[in-house]
1. Points 7 angstrom from Cα along the Cβ direction at Glu31 and Ile9: gap in nanometres?
2. Which whole-number value in Å² is the accessible area per residue of the chain, probe 1.4 Å?
3. Roughly how large, in nm² to one decimal, is the mean projection of the convex hull of the alpha-carbon atoms in the chain?
4. Each residue of the range 34-40 in turn: what ³J(HN,Hα) in whole Hz from Karplus with 6.51, -1.76, 1.60 and θ = phi - 60°, glycine and Pro shown as x?
5. Quote to one decimal, in nm, the extra length available between Val45 and Lys81 on full extension: 0.36 nm per residue of separation minus the C-alpha distance between them.
Amino acid sequence: MKKGTKLNINGGLRLKECLKESEMTQIELAELTNYTPQYVSNIIVGKRNMSREAAHAFAQVLEIQEEYLLGETEYKTISDKLNSEVKQDSVII
């Protein structure tokens, strides 16, 4: 990692949460995405940032949005986002 690069531990926390929900192990995710188990583990424990490419691969396997893993959105899936928008639209003022 480059000097001065800040670790984004939220990505690791979100990845851990999604793995648990999917009942998938770190090793299984690593095998399905061609990353090493050590790389996945380092992200989860906050020793390494997740690359956009890794987030994309992990998101495809876990069927979630890569932006969620990267902390760019609070919506795990497109359905979550659409449901939130529908709820906001149906609020009566």
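1. 3.1
2. 71
3. Reported value for the Cα convex hull: 7.1 nm².
4. With the stated coefficients, the range 34-40 comes to 6, 9, 7, x, 5, 4, 4 Hz.
5. The Val45-Lys81 span can extend by a further 10.2 nm.
The values are calculated or read from the model by the stated rules, or taken from the named source; none is laboratory data. Bear in mind the structure is a predicted one, so any value in this text is a computation, not a measurement. Glycine gets a Cβ as well: all are built from the backbone with ideal geometry, and neighbour counts include every protein chain shown. Just the protein is used for accessible areas: all its heavy atoms, side chains included, with ligands, DNA and RNA removed. Shrake-Rupley method; radii C 1.70, N 1.55, O 1.52, S 1.80 Å.
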